[in-house]
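Colleague: This is the structure I want to talk about, given as structure tokens.
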Amino acid sequence: MTAAYRLQQRGFDVTVFESRDRVGGRVWTVRNGDYIMDLGAAFYLGTYRESIDLIYELGLGPLFTEVPVWGAMPKRGDKHLLDYGKLLRTGLTTRALSARSKIKALKLLRPMLKARGSLGYHSYDQVALLDTETVREYFRRELNDELLQWAGRPLVSSTWVADDDDTSIALLLWTIRNMLVSTMYNLRPGVSGLPEELARRLRVRLGHPVANVADIGAGVEVTFTPESGGSQRTETFDACVIATQAHYALTMFPQMDDNHRALYETTRYRRLGSVCLGLSRRPKDPATYYMVSPHEDPDTIAVIADHAKAPGRAPEDKGLLTVLLSHEYLERTLDLSDEDVLEYAIDRARCYYGDVVDSLEEHAVARWPESVPVMDKGRFARIADFQKHLDWTARVQFASDLDRISGLNGALVSGQEAANRIMNAVLAPRSQPILVGEPS
């Protein structure tokens with residue numbers, strides 16, 4: 001959506017083909033009764049600079065809110081509140097970790113400072129140098145098992161649905177730098193307010209799945225199925241941006257170059273269950289979210305108090321929770337119905353919020369087969385190399401959240417950069433690229 005919007009701004013006549021009946025992909029907000037439920041991406045971070053800039057550019061600033069963040073760590077029956085507005089004090093005083101582990105944790109500062117220039121969305125050369133160990137390998141070599149179980153594992157699990165035995169330590173460093181923040185940003189109408197506003201300004205064909213894209217030299221042929229069904233049609237365009245998950249892109253564009261193919265064919269995803277619960281009673285718990293260690297609960301990675309994310313998500317006296325269920329749980333329950341998953345999510349929420357969960361009024365269940373790309377050991381180095389070999393002359397470009405840090409802002413930045421390359425390919429096919437705006 002961002003790629004299309006930026007190209008339209010520069011005078012291109014743009015058409016967006018969307019296979020679903022909505023825009024946004026894994027950014028998905030539904031409205032059930034009194035509740036506004038985010039079933040995909042949950043919030044905006046202060047480090048989502050490009051997303052926030054676009055929100056204000058589109059005139060959505062009055063709907064953009066900022067709230068303080070309190071985390072909670074359940075551990076052996078106790079609840080440890082974490083005030084991210086006073087992170088240093090919280091780290092020093094929390095009883096969730098021993099004094100020895102707190103001292104050990106200071107070792108994380110050195111690699112974070114070393115890679116601070118790469119802990120963003122554009123360049124990964126520096127952070128790729130640290131991409132030599134998994135989270136588990138690093139913690140057991142440099143730190144200790146307590147920090148692994150109650151810091152390393154829950155951080156990568158709750159934020160990336162990730163497995164510490166498979167995840168690059170570079171991703172954990174990025175997470176500490178960018179996600180342990182004092183405030184959380186959101187849109188009152190839901191996270192999907194951004195792609196929906198973009199869609200209002202563009203020509204979007206919903207329910208138009210694309211079967212094939214072909215570069216024919218002077219243009220690009222796009223073959224799709226119309227919303228009404230029937231036989232496929234083919235239309236010709238000057239250029240094309242393909243923005244979808246890896247295996248769809250590989251099938252859609254058989255002419256994919258070796259650089260993209262090497263990245264896309266090695267992409268793996270993690271499953272995620274997202275279950276929203278609208279409650280007639282609001283929990284009195286002050287935590288914005290529970291960050292759950294797999295050591296404590298292997299099936300639940302987090303529980304988010306959505307009523308605290310932004311005003312209007314639920315009426316003042318009502319509550320709204322999102323239970324995030326783990327990849328491992330989704331893998332072993334593929335044959336269960338959504339109703340079965342809902343009942344399990346209610347049971348897990350009850351563990352953290354008590355019987356207030358029994359006041360359920362509305363619900364929504366999403367089971368994402370491909371929620372987050374796996375950032376395994378060596379992935380940052382592969383992405384850094386991939387970015388060096390992008391073809392700025394190709395009429396078919398790609399946007400995704402698998403060619404950088406994944407998530408909403410990563411996808412948005414990828415879309416803007418794809419628009420830059422399209423501008424270069426169509427308007428100035430030469431070695432020196434023309435940029436649409438200035439990448440931050």
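Colleague: Can you give me the three principal axis dimensions of the stretch 1-155 from its C-alpha atoms, in Å, biggest first?
Modeller: So the three principal-axis extents are 60, 44, 29 Å.
Colleague: Taking springs between alpha-carbon atoms closer than 10 angstrom, which of 130, 88, 390 fluctuates most in the Gaussian network model of the chain?
Modeller: Looking only at 130, 88, 390, the largest GNM fluctuation is found for 88.
Colleague: Right, next: Relative to the longest principal axis of the chain, what angle (0 to 90°, nearest 10) does the C-alpha long axis of helix 408-427 take?
Modeller: Approximately 10 degrees, to the nearest ten.
Colleague: Quick one: in the stretch 121-216, what % of C-alpha pairs are over 23 Å apart?
Modeller: 51
Colleague: In addition: When 1/r is averaged over all different Cα pairs and the result inverted, which Kirkwood radius in Å belongs to the chain?
Modeller: 22.8
Colleague: A further question follows. Tell me the angle of helix 379-388 to the major Cα principal axis of the chain, expressed in degrees between 0 and 90 and rounded to the nearest ten.
Modeller: The angle comes out at about 30 degrees.
Colleague: What is the spin-label model distance, in nm, from residue 203 to residue 393 if the labels are put 7 Å beyond Cα along the C-beta direction?
Modeller: About 3.0 nm separates the two model spin labels.
Colleague: With all protein chains present and a 1.4 Å probe, how do 17, 253 order by accessible area, largest first?
Modeller: 17, 253
Colleague: Note down the Stokes-Einstein diffusion coefficient of the stretch 252-385 in µm²/s, whole number, using a Kirkwood radius over alpha carbon pairs, 25 °C, and 0.890 mPa s.
Modeller: Calculated translational D: 147 µm²/s.
Colleague: At a Cα cut-off below 20 Å, give the lysines reachable from residue 388, other chains included and same-chain residues fewer than 8 away excluded.
Modeller: 377
Colleague: On the principal axes of its Cα set, how long, how wide and how thick is the stretch 142-287? Give whole Å, largest value first.
Modeller: Principal extents (Cα only, largest first): 58, 45, 25 Å.
Colleague: Residue 290: accessible area at probe 1.4 Å, nearest 10 Å²?
Modeller: Counting only protein heavy atoms, residue 290 exposes about 10 Å² to solvent.
Colleague: Too long at a 23 Å Cα-Cα cut-off: which of 104/309; 86/318; 79/107; 75/102; 284/309; 79/102?
Modeller: The pairs that break the limit, which is 23 Å between Cα atoms, are 104/309; 86/318; 79/107.
Colleague: Just the ratio, please: alpha-carbon radius of gyration of the stretch 341-382 over 2.2 N^0.38 Å, N its number of residues.
Modeller: Cα Rg divided by the expected 2.2 N^0.38 Å: 1.83.
Colleague: Further question on the same structure: Just the accessible area per residue of the chain, please: how many Å² with a 1.4 Å probe?
Modeller: 43
Colleague: May I pose another question? Connecting C-alpha atoms closer than 10 Å in a GNM of the chain, tell me which of 216, 52, 346 has the biggest fluctuation.
Modeller: 216
Colleague: Specify the angular offset, from 0 to 90 degrees and rounded to the nearest 10, of the alpha carbon long axis of helix 169-179 from the longest principal axis of the alpha carbons in the chain.
Modeller: The two axes meet at around 80 degrees.
Colleague: Output wanted: per-residue J couplings in Hz (rounded whole) for the stretch 129-146, from phi through Karplus 6.51 cos²θ - 1.76 cosθ + 1.60, θ = phi - 60°, x for Gly and Pro.
Modeller: 5, 8, 7, 10, 9, 7, 4, 5, 4, 5, 5, 6, 7, 9, 10, 7, 6, 4
Colleague: Can you give the FRET efficiency for residue 83 and residue 114, using 1/(1 + (r/R0)^6), R0 = 30 Å, r = Cβ-Cβ distance, to the nearest 0.05?
Modeller: So, using R0 = 30 Å, E works out to roughly 0.60.
Colleague: Moving on. Can you work out the FRET efficiency for the pair residue 94 and residue 234, with r the C-beta to C-beta distance and R0 = 51 Å, to the nearest 0.05?
Modeller: 0.25
Colleague: Could you work out how much longer the chain between residue 144 and residue 129 gets when fully extended? Use 0.36 nm per residue separation minus the Cα distance between them, nm to one decimal.
Modeller: 3.1 nm
Colleague: I'd like the Kirkwood hydrodynamic radius of the stretch 267-346, using the inverse of the mean 1/r over distinct C-alpha pairs, in Å.
Modeller: With all distinct Cα pairs of the stretch 267-346 included, I get 13.6 Å.
Colleague: Tally up the carbon and sulfur contribution to the accessible surface of the chain as a whole percent, 1.4 Å probe, everything protein left in place.
Modeller: 50
Colleague: Going from most exposed to least, what order do 252, 184 have by accessible area with a 1.4 Å probe?
Modeller: Ranked from most to least accessible, the order is 252, 184.
Colleague: Just subtract the alpha-carbon distance of residue 165 and residue 227 from 0.36 nm times their residue separation and send over the number in nm, one decimal.
Modeller: Fully extending the segment from residue 165 to residue 227 adds 18.0 nm.
Colleague: Could I ask something else about it? Quote the accessible area belonging to residue 158 in square angstrom, nearest 10, computed with a 1.4 Å probe and with ligands, DNA and RNA left uncounted.
Modeller: Residue 158 exposes around 20 Å² with every protein chain in place.
Colleague: Return the distance in nm (one decimal) between the two label points of a simple spin-label model at residue 182 and residue 281, each offset 7 Å from Cα along Cα→Cβ.
Modeller: 3.5
Colleague: Compare 380, 43 by solvent-accessible area with a 1.4 Å probe and give them largest first, with all protein chains kept in place.
Modeller: Solvent-accessible surface, decreasing: 43, 380.
The values are calculated or read from the model by the stated rules, or taken from the named source; none is laboratory data. Predicted model only: the values in this text are computed from it and were never measured. We place every Cβ from the backbone using ideal geometry, glycine too, and count neighbours over all the protein chains shown. Note: areas computed on protein heavy atoms with side chains; ligands, DNA, RNA excluded. Shrake-Rupley method; radii C 1.70, N 1.55, O 1.52, S 1.80 Å.
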